[in-house]
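Reading through the structure tokens given below for one structure.
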Amino acid sequence: MVDKCKDSGADLVMCQWGFDDEANHLLLQKDMPAVRWVGGVELELLAIATGARIIPRFEELSPEKLGVAGSITEIEFGTTSDRMLKVEDCPTSKTVTIFVRGGNKMIVDEAKRSIHDAICVVRNLIRDNRIVYGGGSAEISCSLALKEEAEKIEGLEQYGVRAFADALESVPMALASNGGLDAIPTVSEVRRAQIAEKNPHLGVDVLRVGTLDMKEQHVFETLKGNSNSSSWPHKL
């Protein structure tokens, strides 16, 4: 079995179900390092990235079913000498692995959540590259427009429109509160400034830069993400 691996042209063996020390010794004698235990999902991802085929039987092993990688190295990190394999320069893969480490599980989970949010923003921009300015400026602008439109509606329907307009302002209120600002005066100031300057880009200055103009601060969010968050309550 070791000779079949060598004759096929392989120079590294990865196995899902493992093998004993004798097989590992024989493989090393043939200058073929091996990884005994590789998870099923990881093995499939490796096969996709390197262009290899997963071989259930040695009789099916052939050079055409081997994968290619530019380098496979073992790296060691941390005070506990944790080890991992790094596979790079795969010809058929455009994926990137992000390795997250932290002092405790809470920090790692928070980092993973932040990375996931950032990836979702990029995904939304790829699907639709239109943006709106952040800081709650879009919500306040929409709220003002809805309140103005509510004046033209007769009957009880105008109260529903006004209620939805008020609900939109909960976004900048929460943003101001989370930023350590006094929410009600802060949002009132932004609303007044938008009306006076007729500038829909004015939002909550959470970073305390000194300007309410989110365009100047380069604070924006995707139109798709913003419209989804506004439309879900309306659908409910």
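Could you tell me how many degrees, from 0 to 90 and to the nearest 10, lie between the Cα long axis of helix 137-150 and the main elongation axis, the longest principal axis, of the Cα atoms of the chain?
The answer is roughly 40 degrees.
Looking at the chain, which longest stretch skips every one of the GluC sites (Glu not before Pro) that is in a DSSP loop with at most 15 other Cβ atoms within 10 Å, leaving the sites themselves out?
1-150
Is there a quick way to get the dipole size of the stretch 144-228? I mean about its Cα centre, with the Cβ of Lys and Arg at +1 and of Asp and Glu at -1; what is the value in debye to the nearest 20?
With Lys and Arg at +1 and Asp and Glu at -1, about 140 debye.
Roughly what angle does helix 40-50 make with the longest principal axis of the chain, taking Cα atoms, 0 to 90 degrees, to the nearest 10?
So the inclination is approximately 90 degrees.
Where does each of D128, D21 land when they are ordered by accessible area, with a 1.4 Å probe and the largest first?
Sorted by accessible area, descending: D21, D128.
Of the listed values (i) 41; (ii) 58; (iii) 27, identify the label whose number matches percent of Cα pairs over 27 Å apart calculated from this model.
(ii)
Count charges around R191 for me, please; just the other residues with Cβ under 13 Å from its Cβ, Lys/Arg as +1, Asp/Glu as -1.
Working: positive: K147, R192, K198; negative: E139, E148, D166, E169, E189, E197.
Local net charge: -3.
Could you do me a favour and compute the accessible area per residue for the stretch 87-223, 1.4 Å probe, result in Å²?
67
Quick one: with all protein chains in place, what share of the accessible area of the stretch 52-163 is carbon or sulfur, to the nearest percent (1.4 Å probe)?
55
Could you give the nm distance between label points at E151 and T97, where each point is 7 Å from its Cα heading toward the beta carbon?
Placing both labels 7 Å beyond Cα along the Cβ direction yields 6.1 nm.
Would you mind telling me which residue in D11, D117, D166 has the biggest mean-square fluctuation in a Gaussian network model of the chain, where springs connect alpha carbons within a distance under 10 angstrom?
Largest GNM mean-square fluctuation: D11.
If you put +1 on each Lys and Arg Cβ and -1 on each Asp and Glu Cβ, how big is the dipole of the stretch 2-77 around its Cα centre, in Debye rounded to 20?
That gives the stretch 2-77 a dipole magnitude of about 220 debye.
Can you pull out the trypsin sites (Lys or Arg not before Pro) in the stretch 60-110 whose DSSP state is coil and whose Cβ has at most 11 other Cβ atoms within 10 Å?
For trypsin sites (Lys or Arg not before Pro) across the stretch 60-110 that sit outside H, G, I, E and B with at most 11 neighbouring Cβ atoms in 10 Å, the list reads K94, R101.
Beyond a 19 Å Cα-Cα separation, which of these cross-linked pairs lie in this structure: K6/K86; K147/K224; K147/K198?
Beyond 19 Å: K6/K86; K147/K224.
Any idea how far the Cα center of the stretch 136-164 sits from the one of the stretch 77-113, in Å?
About 48 Å separates the Cα centre of the stretch 136-164 from the one of the stretch 77-113.
Normalising by the residue count of the stretch 1-112, find the relative contact order in percent from Cα pairs under 8 Å and 6+ residues apart.
20
Karplus couplings for the stretch 188-197 from phi (6.51 cos²θ - 1.76 cosθ + 1.60, θ = phi - 60°), rounded to Hz, Gly and Pro as x?
4, 5, 5, 4, 4, 5, 4, 5, 5, 8
Rounded, prolate or oblate: which fits the stretch 122-236, taking a ≥ b ≥ c as square roots of the Cα gyration tensor eigenvalues, rounded meaning a/c under 1.5, else prolate when a/b beats b/c?
oblate
Which sequence of I126, I184 reflects their accessible areas, 1.4 Å probe, from the largest down?
Sorted by accessible area, descending: I126, I184.
The values are calculated or read from the model by the stated rules, or taken from the named source; none is laboratory data. Note that the structure is a prediction, hence the values are computed from the model and not measured. Note: ideal-geometry Cβ built from the backbone for every residue, glycine included; neighbour counts use all protein chains shown. Heavy atoms of the whole protein, side chains included, go into the accessibility calculation; ligands, DNA and RNA do not. Shrake-Rupley method; radii C 1.70, N 1.55, O 1.52, S 1.80 Å.
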